[in-house]
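The values are calculated or read from the model by the stated rules, or taken from the named source; none is laboratory data. Treat the numbers as computed from the prediction; the structure is a model and nothing was measured. In this analysis, Cβ positions are derived from the backbone assuming ideal geometry, glycine residues included, and neighbour counts consider all displayed protein chains.
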Amino acid sequence: MLCLIALITGVNAQETIPNSFWGIKFGLSFDEVKTAMLKKPGVTYAEDSERIFDDILLFNSPEFAGKDCGGIYCDFVDNKFYCGAAFLLPSSESGIFDLYNDVKENLIKKYGDPSEHVEIFKTPYYEGDGYETQAIKNEKATFESFWRNGKNTISLEITKDVEVMICYIDIYLGKVAAEKEDAKNSNDL
């Protein structure tokens, strides 16, 4: 569900944004993704994920893209993989902005400038006030960047849990997931 935020289309890339997450192609089945993920060095399966979610796989991973990783999230619609996200951990809470900027710079080197980029603080917080991390935790700051190519999206954001989430999304399957979620919510009414 986290990945549905980044489904708006656009174009701006040097290299093509991949139709995959961590080399695992979108559209693969639940079992195919689970098998492929468990072949990654150090990756383990979060056993509780199937009991909690029927369309999401959760994995533990020591790192992603050379950064400390708190976990990997893989989302499915109709048994098709459409979204993969890694939650990167700063060395300290105050290091969250350096981590975000480092990952953003690496993505810019590979894919060009983001299609959209937002860095804002809401009152009473402002950049340089010494409370930037508190603003993140209180959801009074937004740090997001998006790379889009019409078929796939990469989103990068700082979460309220003081993690950097990097998310790769298949736009078409993401829209199918959003439509199914909207229909389910409407039926609940």
Residue list for region 154-172, filter: over 8 Å from the mean Cα position of the chain (by Cα), surrounded by fewer than 24 Cβ atoms within 10 Å (Cβ to Cβ) and farther than 16 Å from Ser92 by Cα | Ile171, Tyr172
Just wondering, is there one or more residues in region 58-71 that are in a loop (DSSP other than H, G, I, E, B), over 28 Å from Lys175 (Cβ atoms) and of a type in the set (Gly, Ala, Ser)?
-> yes
Is it the case that region 64-72 has a residue that's touching an Asp or Glu at 6+ places or on another chain (Cβ under 9 Å), in contact (Cβ under 8 Å) with a residue 40 or more places away in the chain and surrounded by 21 or more Cβ atoms within 10 Å (Cβ to Cβ)?
-> no
Conditions (1) more than 23 Å from Gly66 (Cα to Cα); (2) surrounded by fewer than 19 Cβ atoms within 10 Å (Cβ to Cβ); (3) of a type in the set (A, V, I, L, M); (4) under 19 Å from the mean Cα position of the chain (by Cα) -> Leu189 fails only (4)
Please work out which one of (1) outside any strand (DSSP E or B); (2) within 15 Å of the chain's Cα centre (by Cα) is the condition Asp75 fails and give its number.
-> (1)
Sort out which residues of region 136-179 are of a type outside the set (Gly, Ala, Ser), touching a Phe, Trp or Tyr at 6+ places or on another chain (Cβ under 7 Å) and assigned to a helix (DSSP H, G or I), and write them in order of number.
-> Leu173
For region 1-55, enumerate the residues that are modelled with pLDDT under 95, of a type in the set (Phe, Trp, Tyr) and either assigned to a strand (DSSP E or B) or farther than 28 Å from Lys184 by Cβ (or both).
-> Tyr45
From the option list Phe121, Phe59, Phe53, Phe81, single residue qualifying as touching a residue at least 40 places away in the same chain (Cβ under 8 Å) and aromatic (Phe, Trp, Tyr) is Phe81
Thr44 passes all but one of (1) in contact with a Leu (Cβ under 8 Å, 6 or more places away or on another chain); (2) within 21 Å of Ile169 (Cβ to Cβ); which number fails?
-> (2)
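From the list Lys80, Lys109, which one is closer than 26 Å to Gln14 by Cβ and either over 16 Å from the mean Cα position of the chain (by Cα) or among the basic types (Lys, Arg) (or both)? Spell out how you get there, then give the answer.
On the way: Lys80 fails: closer than 26 Å to Gln14 by Cβ.
The unique qualifying residue is Lys109.
For region 119-130, check the following and say yes or no: at least one residue is of a type in the set (A, V, I, L, M, F, W, C), loosely packed, with under 13 Cβ neighbours inside 10 Å and either modelled with pLDDT of 95 or more or closer than 19 Å to Gly174 by Cα (or both).
Step one: filter region 119-130 for residues of a type in the set (A, V, I, L, M, F, W, C), giving 120-121.
Narrowing the set further to residues that are loosely packed, with under 13 Cβ neighbours inside 10 Å leaves none.
No - not one qualifying residue is present in region 119-130.
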Do the conditions hold for Lys110, that is, is it under 26 Å from Ala135 (Cβ atoms), among the basic types (Lys, Arg) and in a helix (DSSP H, G or I)?
-> no
Hey, does region 134-146 have a residue that's at positive phi and either modelled with pLDDT of 95 or more or surrounded by fewer than 22 Cβ atoms within 10 Å (Cβ to Cβ) (or both)?
-> yes
Of the numbered conditions (1) under 24 Å from Glu179 (Cα atoms); (2) buried (at least 21 other Cβ atoms within 10 Å of the Cβ), Lys151 satisfies every one except a single condition; which is it?
-> (2)
